[in-house]
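**Q** Structure below; questions to follow.
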Number of protein chains: 2
Amino acid sequence: MDILFENAKVITMDDDAPYLENAYVAVTGRKIEYIGNEKPKAQAKRCINAGGKLLMPGLINTHTHVPMTLFRGLSDDCELDVWLREHIWPAEDKLCPDSVRAGTEIAVAEMLASGTTSFSDSYFFVDAIADVAEKSGIRANLSRSIVGSGENFDGMPSVAEAKALIERIHMQDGGRLRADVSIHAEYTSETECRIKTAQIAKDNGLILQIHTSETSAEHDKCIEKYGRTPTAQFEHEGLFEGTRPLLAHCCYMTGEDMDILKSAGGSVAHCPVSNLKLASGVAPVLSMLSHGLNVTLATDGVASNNNTDMFEEIKLFAILHKGINNDPAAIDAYTALKAATVNGAKAQGRSDCGKIAAGFEADIIMLDFDRVHLTPCHNAVSNVVYAARGSDVVMTMVAGKILYENGEFTTVDIERAKRLVRA
Amino acid sequence: MDILFENAKVITMDDDAPYLENAYVAVTGRKIEYIGNEKPKAQAKRCINAGGKLLMPGLINTHTHVPMTLFRGLSDDCELDVWLREHIWPAEDKLCPDSVRAGTEIAVAEMLASGTTSFSDSYFFVDAIADVAEKSGIRANLSRSIVGSGENFDGMPSVAEAKALIERIHMQDGGRLRADVSIHAEYTSETECRIKTAQIAKDNGLILQIHTSETSAEHDKCIEKYGRTPTAQFEHEGLFEGTRPLLAHCCYMTGEDMDILKSAGGSVAHCPVSNLKLASGVAPVLSMLSHGLNVTLATDGVASNNNTDMFEEIKLFAILHKGINNDPAAIDAYTALKAATVNGAKAQGRSDCGKIAAGFEADIIMLDFDRVHLTPCHNAVSNVVYAARGSDVVMTMVAGKILYENGEFTTVDIERAKRLVRA
């Protein structure tokens, strides 16, 4: 046994026993070996006294663009079109592998320090992103975002990069790194491009990420063009067969779209902060839940958030849909936490993540529950969802390795990364 | 000169020079003596190197019920009626001065640690609340909430307590403590009670706090009863004359109500987190702003939030109304910050608070701007509003006194307070 946590409060996200007090959690190699109230007999290499602390599964951010930390606060509070054309796209045009590497390091450090142990990404310069994901020890589903008409598809550099990424990282380090495939969106691609991109996912058994019905303009123009919503059009093109689609945003998804996605075994990456900040709208999440859809949570890129703190998404998810639907019972705290843990794992195609349970990957975070804003604690799940912040995380472990502890990173040279992104 | 901050980024909230770099801020006694880029010649008793840090005015929380920290997470995710009748009211029934004192200490500590330097409160056992406010050094407008018919008004213990509170604290410590007067709400009082309560405010030149149009049920029943909205009814009863009303929530305020409140020189305490969590609704804030109303921000009590982190309110204020109104430019970052600083000061009747400017009270907070989630910093106001959290505050000063620094409280025995609220 490598690490034994003693005397812990634990939110397991295991429905059979969701909460334990005075518990032991044992980690051997990359796996959780034991969780329970009996002290294991074997000697641990390291014991961590978790008195006054809370253990829970690491959070899973299912939709982001990690290098966009470089654009934190570069532009806010303006029309989407102005934001993209005058600020974000010109800034993206100046990116290079070195700057993407630096921006990714900041993002990964920020995620680890606020309790995110796994993320799903789509962007470009993916080799630089993969370098950081590999070295940092964080869990990730990475993808190269593809746009275009599909003409000369096999000659497109983005397609070559997408294929090289799969070759390089998929199922590396015991599955810690996975490759997904990404169609950027309906409005930035044509049918031929989408079908060929989805084929890469099908050929490799990978998950297909797509920005879907993020804005009303995108949604409505698609209906005008094809007579179908983006989701219905994607299904019509056969993109969803065997690709477990992970659709981001889905602010304008219809009930029929939900049925389609449910049948495809897909998931929604709900981004409440980004959707409000960019004024995209409010996704019909209660309807998604009643359709039995797998709803997960995500920060989107930092340019539209402007951080990667999943605790903000969890709280906003829990309260926004209450307020909008005039129903204080609409989403309870445990449902919100599921979206950020077990549901996220499912959307990433990971059946051994998202819970603290024997045999699962040891992706564990520890929160300091002695802090004043978490006092008193009548209900641990409530305190995590409604009172905690990312900064309450004092330890982050991925696949059995401690990557962040008491303000220090074990795999990221944070001062160097800060210098680089400020340059 | 007592304290000199050197080498600081400063958000002043002074429209003439809202942002300075490499600035000096000098504090003498309880006042800001100087802010600018020239180093003052006088020697300071203490110099604080603010390199990598950001100084800004302390945040002002204009509507809360501080002892309700005791009920953090006691009950969530249920119907308002069930929440109140089955959980909150029975718990309130068991309160005593000692428990209120302990709950208030936790709230004050939490506020200081997350950058709130002043708050407006309405509750009961106000003597215990005043004890903590007095001793802790925080700035506060305290009030005793009054309910009832108005029959035997002068014999009501609550009225005696309200009057005693005014006598005891109003304008104590150079105005750091002020008494307000509080009518709980329209639905918990009758006209006679409200008129007599408002008279106490008029007699003493005090601000009148009232929960107003928080829920649609309250708003609609008032119209049914009087043929007027709560705000119109209050004006009709003459409550607003000279009382600079501070109306909390206002989710269902009409344009006519806004005109009334504007004429009365009043303010709105907007509580975005609480309004969503209790499913009260979304206040028509854009209309309030275009009516020229003084919109301020507040957490409400911890039972419906579940913390007192004003950074959450600021971010949600800035993004919620963008999302709901399909306008990404609806509320910009600087407007959001004004609501939590200068506007709050105005609502509290404090003309010398809310800015970092010479002659103003030295209510200053310092944020660690070197943190990974605040890197890079393209725009300091954007980073404060969209990326920061309460835990980024590393120093909180009220009226020239440092009350919180690097995790330590100078006036609150935090370990004792935690023990008491857990008991």
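**Q** If you rotate chain B onto chain A, whose Cβ in B ends up lying nearest the axis, and how many Å away is it?
**A** Residue with the nearest Cβ, plus whole-Å distance, for chain B: B:391, 2.
**Q** For residue A:163, give me every one of the aspartates and glutamates with a C-alpha distance below 14 angstrom, ignoring sequence neighbours fewer than eight places off in its own chain.
**A** A:127, A:154, A:180, A:203
**Q** Just to check I understand the Karplus step: with θ = phi - 60° and J = 6.51 cos²θ - 1.76 cosθ + 1.60, what whole-Hz values come out for the stretch A:298-306, glycine and proline as x?
**A** Using θ = phi - 60°, the values come out as 7, 8, 6, x, 5, 4, 10, 9, 10 Hz.
**Q** Which one, B:219, B:182, B:412, projects farthest toward the positive side of the charge dipole computed for chain B from Cβ point charges (K/R +1, D/E -1)?
**A** Working it through, the farthest residue towards the positive pole turns out to be B:412.
**Q** Based on the alpha-carbon gyration tensor of the stretch A:74-223, what equivalent-ellipsoid semi-axes (square roots of 5 times the eigenvalues) come out, in whole Å, largest first?
**A** 24, 22, 14
**Q** Related question: Residue by residue, what Karplus-based ³J(HN,Hα) values in Hz, rounded to whole numbers, does the stretch B:257-266 have, using 6.51, -1.76 and 1.60 with θ = phi - 60° and x for Gly and Pro?
**A** Result, rounded to whole Hz: 4, 5, 4, 4, 5, 4, 4, 7, x, x.
**Q** As a test of the formula, what do you get for chain A when each DSSP H run with n ≥ 4 contributes -39,500 (n - 2.57) and the sum is divided by the residue count, at 222 nm and rounded to the nearest 500 deg cm²/dmol?
**A** Rounded to the nearest 500, the figure is -9500 deg cm²/dmol.
**Q** Distance in nm between label sites at residue A:89 and residue B:49, each 7 Å beyond Cα in the beta-carbon direction?
**A** If labels sit at residue A:89 and residue B:49, their model points lie 4.6 nm apart.
**Q** Starting from one equal scatterer on each C-alpha and no solvent at all, send me the Debye-based log10 I(q)/I(0) for the stretch B:46-94 at q = 0.23, 0.24, 0.25, 0.28 Å⁻¹, two decimals.
**A** Debye intensities relative to I(0), on a log10 scale: -0.92, -0.97, -1.01, -1.12.
**Q** Indicate, rounded to the nearest 5 percent, the antiparallel portion of the DSSP beta bridges found entirely in the stretch A:59-347.
**A** For the stretch A:59-347, the DSSP antiparallel bridge percentage is about 5.
**Q** Let me ask something else about it. Tell me which lysines have Cα within less than 20 Å of residue B:418's Cα, excluding those fewer than 8 residues away on the same chain?
**A** In chain and number order, the partners are A:9, A:53, B:94, B:135.
**Q** Please give the contour-minus-distance gain from residue A:6 to residue A:191: 0.36 nm per residue of separation, less the Cα-Cα distance, rounded to one decimal in nm.
**A** 61.1 nm
**Q** How far apart are the residue A:84 label points across copies, placing each 7 Å from Cα toward Cβ, in nm, shortest first?
**A** 4.6
**Q** Here is a further query. Once you have the Cα-Cα distance between residue B:241 and residue B:168, take 0.36 nm times their residue separation minus that, and quote the gain in nm to one decimal.
**A** 23.8 nm
**Q** If you take every residue apart from residue A:370 with its C-beta less than 12 Å away from the C-beta of residue A:370, what net charge results, scoring Lys and Arg +1 and Asp and Glu -1?
**A** +3
**Q** Okay, moving on. Calculate, for residue B:263 and residue A:286, the FRET efficiency according to 1/(1 + (r/R0)^6) with r their C-beta to C-beta distance and R0 51 Å; round to the nearest 0.05.
**A** Efficiency computed from Cβ-Cβ geometry: 0.80.
**Q** Rg to Rh ratio, the stretch A:1-138, alpha-carbon atoms and Kirkwood radius?
**A** A ratio of 1.13.
**Q** What list of whole percents do you get for P(r) of the stretch A:176-276, with Cα-Cα distances grouped in 5 Å bins up to the one holding the largest distance?
**A** 2, 14, 26, 26, 19, 9, 3, 0, 0
**Q** Of the options A:54, A:116, A:152, report the single residue whose Cα projects farthest towards the positive end of the charge dipole of the stretch A:40-158 (beta-carbon charges: Lys, Arg +1; Asp, Glu -1).
**A** A:54
**Q** In addition: Per q in 0.18 Å⁻¹, report the Debye log10 I(q)/I(0) for the stretch A:218-277, using one uniform scatterer on each alpha carbon and no solvent.
**A** Relative scattering, expressed as log10 I(q)/I(0), comes to -0.62.
**Q** Which value, in debye to the nearest 20, gives the size of the charge dipole of the stretch B:323-405 about its Cα centre, when Lys and Arg are +1 and Asp and Glu are -1 at the Cβ?
**A** Computed charge dipole of the stretch B:323-405: roughly 180 debye.
**Q** In nanometres, what is the gap between the two model label sites at residue B:378 and residue A:203, each 7 Å from Cα along Cα-to-Cβ?
**A** 3.7
**Q** For the stretch B:314-423, go through all pairs of different Cα atoms, get the mean of 1/r, take its inverse, and jot down that Kirkwood value in Å.
**A** 16.2
**Q** With +1 on each Lys and Arg Cβ and -1 on each Asp and Glu Cβ, and nothing else charged, work out how big the dipole of the stretch A:315-368 is about its Cα centre, in Debye to the nearest 20.
**A** 160
**Q** Can you tell me the FRET efficiency between residue A:22 and residue B:406 if r is taken as the Cβ-Cβ distance and R0 is 25 Å, rounded to the nearest 0.05?
**A** 0.20
**Q** While we're looking at this one, here's another question. Taking a label point 7 Å out from Cα toward Cβ, give me the nm distances from residue B:18 to the same spot in the other copies, shortest first, one decimal.
**A** From this label point to the equivalent ones elsewhere in the assembly: 4.3 nm.
**Q** Less than 14 Å Cβ to Cβ from residue A:419, Lys/Arg counted +1 and Asp/Glu -1: what total charge do the surrounding residues give?
**A** In short, -1.
**Q** Taking 1 over the mean of 1/r across every pair of different Cα atoms in the stretch B:59-347, what Kirkwood radius in Å do you get?
**A** After inverting the pairwise mean of 1/r, the radius is 18.8 Å.
**Q** Okay, moving on. Per 0.36 nm of contour for each residue apart, how much would the distance between residue B:80 and residue B:37 grow if the chain were fully extended, relative to their Cα-Cα spacing?
**A** Length difference between fully extended and current span is 10.3 nm.
**Q** For the stretch A:227-341, state what percent of all Cα-Cα pairs lands in each successive 10 Å bin, counting from 0 Å until the bin that includes the largest distance.
**A** Each 10 Å bin holds this share of Cα pairs: 14, 46, 32, 7.
**Q** State, to one decimal in nm, how far the label point of residue A:351 lies from the label point of residue B:335, with both points 7 Å from Cα in the Cβ direction.
**A** Distance between label points: 5.1 nm.
**Q** Dipole of the stretch B:59-347, Cα-centred, from +1 at each Lys and Arg C-beta and -1 at each Asp and Glu C-beta, to the nearest 20 debye?
**A** Around 780 debye, computed over the stretch B:59-347.
**Q** Moving on to the next point. Where a Cα-Cα gap under 23 Å defines reach, which lysines qualify for residue A:322, not counting those fewer than 8 residues away within the same chain?
**A** Cα-Cα hits under 23 Å: A:277, A:338, B:221, B:277, B:315, B:322.
**Q** Moving on. Applying 1/(1 + (r/R0)^6) with R0 = 22 Å to the Cβ-Cβ distance of residue B:413 and residue B:96, what FRET efficiency is obtained, to the nearest 0.05?
**A** E(calc), rounded to 0.05, equals 0.65.
**Q** Per-residue mean of other chain beta-carbon atoms within 10 angstrom of the beta-carbon, peptide A:320-331?
**A** Taking the mean over all residues of the peptide, I get 6.
**Q** Sorted from largest to smallest, which semi-axis lengths in Å does the alpha carbon gyration tensor of the protein assembly as shown give for its equivalent ellipsoid, taking the root of 5 times each eigenvalue?
**A** Sorted largest first and rounded, they come to 45, 29, 27 Å.
**Q** Sticking with this one: Return the sequence-ordered ³J(HN,Hα) values of the stretch A:411-423 in whole Hz as given by the Karplus equation 6.51 cos²θ - 1.76 cosθ + 1.60 applied to θ = phi - 60°, using x for Gly and Pro.
**A** 10, 10, 7, 5, 5, 5, 4, 4, 4, 5, 6, 7, 6
Laboratory data are not the source of any read-out in this text; all were calculated from the coordinates shown. Quick caveat, the model's predicted, so the values are computed rather than measured. Every residue, glycine as well, gets a Cβ built from its backbone with ideal geometry; the counts of neighbours run over all protein chains shown.
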